[in-house]
Structures are given as C-alpha cells and as structure tokens.
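Here the structure comes first, spelled out in structure tokens, and everything after it is commentary.
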Amino acid sequence: MTLAQRHPQKARPSLLLPAALGCLVALVGCAGYQIGNWSLYPADIKTVHVPMFQSASFRRNLAEWLTEAVVKEIELKTPYKVVGSPSADSILSGRLAGEGADLVVENRFDDPRAMEVDLVVEVRWMDRRSNQLSQGVVPLPPELVSVKAAGRLVPEVGHSVATAELEAVQDVAQRIVGMMEAPW
C-alpha cells in the first residue's frame with residue numbers, strides 16, 4: 001500500500017497547490033484582455049442618438065429606411081444603446097447625398113437586364129461630451145465621411161428598384177457601423 005492510499009489527506013495538497021497557482025497566473029495574465037466584439041468599440045461611449053438622416057434624393061422613404069437600418073445594425077453589432085434623446089454620449093448623423101442607377105448589362109434591343117442602384121451617404125459621429133470628434137475616442141475623421149454602396153437590380157430574377165435600394169441601404173448601414181470600431 002502506498003503513502004497516498006494510506007493517508008489521502010496528505011496527497012491532496014500537493015495537487016491542489018499547483019492547480020491553484022496555475023489558475024491564478026492565468027487570471028492575472030489575462031486581466032487586460034477583453035473577449036467578444038465589445039472590445040472592438042470605444043468603451044467610454046455607452047449611448048448613441050441617431051436622428052433621422054437627411055436626404056437630397058427625391059425617392060420616398062429612402063432616408064427613413066437608411067436611418068432604421070443603421071439603428072438596427074448599431075443595436076445588433078455594437079455594445080451601444082440607441083436612445084431617442086439628443087443628450088446621449090454621442091450623435092451619429094447623416095445625409096443621403098446622392099443616389100442613382102447605372103446600367104450594367106443590356107440586351108440587343110437596349111433593354112436593361114442588369115443595373116446597379118448606387119447610394120452615397122455622408123456621416124458624422126460626434127462625441128457630445130467634448131462637442132468634437134476626436135481621433136482617439138471616436139474613430140471617424142472630423143470631416144464628413146462619404147460611404148458608398150450599390151444594390152444589384154436584375155429584372156429577370158424578380159428584382160425591382162425597391163429591392164435593389166433596400167440591398168444598398170443595408171450595405172451602407174453595415175459599412176457605417178463597421179467604421180464605428182475603434183482603431184487597432
């Protein structure tokens with residue numbers, strides 16, 4: 001019979017001490033790291049106010065679609081809470097500067113077979129506490145940033161101008177929220 005079998009109380013401390021030290025070292029060594037997508041965004045901002053985007057387009061509801069898509073992307077992919085009050089930590093404002101359609105493919109009778117709907121959006125993310133954009137706090141540059149996206153329109157597949165615009169709006173919203181990430 002071995003010593004561990006005769007005296008089980010004496011064998012346990014020799015195994016528990018290295019395990020406890022290993023856990024302690026692992027916890028202390030990883031104290032500065034963050035896990036998940038929350039670490040991608042500036043931590044000092046908690047709330048964002050997104051007023052209705054302005055529009056220079058004659059298309060109805062395009063600015064409303066864009067504002068709704070940006071709010072949904074912020075809520076889905078960032079740690080920020082979108083609030084209706086302008087007294088939030090930051091304000092993300094934007095203006096639909098232009099939209100158009102480009103012919104990609106046409107048939108021999110000059111009928112469009114594939115088109116792209118283009119959107120150009122100017123955005124500004126302002127830190128309300130300092131009333132300015134700071135490169136260290138909010139990653140967008142101080143001037144308006146122009147974001148562009150396109151949606152594909154193929155009539156034979158059942159696409160319409162509305163579906164192409166919606167695709168472009170969702171792409172622009174994803175790009176805007178992607179730019180909100182903190183620089184590495």
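The values are calculated or read from the model by the stated rules, or taken from the named source; none is laboratory data. Since we're looking at a predicted model, the values are computed, not measured. Heads up, the Cβs are rebuilt from the backbone with ideal geometry, glycines too, and the neighbour counts pull from every protein chain shown.
Take the residues in the range 83-92 that are within 27 Å of Ala168 (Cβ to Cβ) and not hydrophobic (A, V, I, L, M, F, W, C); name whichever of them is farthest from the chain's Cα centre (by Cα). Looking at residues that are within 27 Å of Ala168 (Cβ to Cβ) and not hydrophobic (A, V, I, L, M, F, W, C), I get Gly84. Restricting attention to the range 34-46, the residues that are of a type in the set (S, T, N, Q) and either surrounded by 11 or more Cβ atoms within 10 Å (Cβ to Cβ) or at pLDDT 90 or above (or both) add up to 2. With respect to (1) at pLDDT 85 or above; (2) touching a helix residue (DSSP H, G or I) at 6+ places or on another chain (Cβ under 8 Å); (3) closer than 17 Å to Asp171 by Cα, the lone exception for Tyr80 is condition (3). Here the range 162-184 is the region considered, the condition is being at pLDDT 80 or above and small (Gly, Ala, Ser), and the residue that is surrounded by the fewest Cβ atoms within 10 Å (Cβ to Cβ) is Gly178. Just so you know, in the range 147-161 the residues that are surrounded by fewer than 15 Cβ atoms within 10 Å (Cβ to Cβ) and closer than 20 Å to Ala97 by Cα include one that is modelled with the lowest pLDDT, and it is Lys148. One residue stands out in the range 47-70 among those that are at pLDDT 90 or above and outside any helix (DSSP H, G or I): the one that is farthest from the chain's Cα centre (by Cα), namely Gln54.
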